[in-house]
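Beneath this line is the structure, given in structure tokens, with notes to follow.
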Amino acid sequence: MSLRARKLNRAGDDAPIVIVTGASGNLGRAISSALSCEYRVVGLDRNAAEVPFPTFATDFSNAAAVELALVKFRERYGSRIASVVHLAAYFDQSGQDHPLYDTVNVEGTRHLLRALQAFEDDQFVYASTLLVHAPCKPGERITEDQPFEPAYAYPQSKLAAERVMLMNASKIAED
């Protein structure tokens, strides 16, 4: 582990492990930094070299790649995971549909959940978006109680991934 990685993971080798997917993104870095005082943070990301803590490179659109990354994780850290914070997702500014919305956001979530079945994990946190909800009137706030009505490709993929996660949540809770 590099000196840079040791500085971020301040909690020590006996601290519980949190896996952060999408670790090289702005949210991934911020969440990892915040968690690093009490947890050992390990990333899963396609840009593993860009992250200042231990990270396993993976392509979430490829089930075998996700499985391999978690096999490598198990070899180094074992099978116990305190939490998985799933941030990895495809997004572009166009608003147009793109095949990666399905292969990364939806199927990538499915691949990750399937690969995690071999682990003892206490918690799975899925980062979605309020854009999955119906729009509200100016001045109102969107809440989780509003009906689902994603208006374009990105939030549609996030809602589909939420449904994949919910279908598989009981498998994680059973462990």
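The values are calculated or read from the model by the stated rules, or taken from the named source; none is laboratory data. For clarity, every value in this text was computed on a predicted model and none was experimentally measured. Cβ: placed from backbone, ideal geometry, glycine included. Neighbour counts: every protein chain shown. Accessible surface is based on the protein model in full, side chains and every heavy atom, while ligands, DNA and RNA are left aside. Shrake-Rupley method; radii C 1.70, N 1.55, O 1.52, S 1.80 Å.
What the table shows:
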| quantity | calculated |
| --- | --- |
| Near pairs, Cβ below 6 angstrom, 6+ apart or cross-chain, from segment 96-125 (of a type in the set (Asp, Glu)) to any residue that is open to solvent by 50 Å² or more (accessible area, probe 1.4 Å) and at pLDDT 95 or above | GLU120/ARG80 |
| Condition check for ALA161: touching a residue at least 40 places away in the same chain (Cβ under 8 Å), crowded, with 19+ Cβ neighbours inside 10 Å and in contact with a strand residue (DSSP E or B) (Cβ under 8 Å, 6 or more places away or on another chain) | yes |
| Pick from segment 70-101, criterion among the hydroxyl-bearing types (Ser, Thr, Tyr) and within 16 Å of VAL18 (Cα to Cα), ranking: surrounded by the fewest Cβ atoms within 10 Å (Cβ to Cβ) | SER79 |
| Given (1) without any contact (Cβ under 8 Å) to a residue 60 or more places away in the chain; (2) among the hydrophobic types (A, V, I, L, M, F, W, C); (3) out of contact with any strand residue (DSSP E or B) (no Cβ under 9 Å at 6 or more places or on another chain), index of the condition PHE91 fails | (1) |
| Which listed residue, of ALA115, ALA69, ALA64, ALA49, is small (Gly, Ala, Ser), under 16 Å from ASN168 (Cβ atoms) and assigned to a helix (DSSP H, G or I) | ALA115 |
| Failed criterion for VAL104 (all others in (1) within 17 Å of the chain's Cα centre (by Cα); (2) surrounded by fewer than 20 Cβ atoms within 10 Å (Cβ to Cβ) hold) | (2) |
| Selection from segment 13-24 of residues that are touching a residue at least 12 places away in the same chain (Cβ under 8 Å) and open to solvent by 30 Å² or more (accessible area, probe 1.4 Å) | ASP13, PRO16 |
| The lone exception for ARG80 - which of (1) basic (Lys, Arg); (2) touching a helix residue (DSSP H, G or I) at 6+ places or on another chain (Cβ under 8 Å); (3) more than 12 Å from ALA115 (Cβ to Cβ) it fails | (2) |
| Residue, least open to solvent (accessible area, probe 1.4 Å), within segment 30-46, restricted to residues that are within 16 Å of VAL125 (Cα to Cα) and either of a type in the set (Phe, Trp, Tyr) or part of a helix (DSSP H, G or I) (or both) | SER32 |
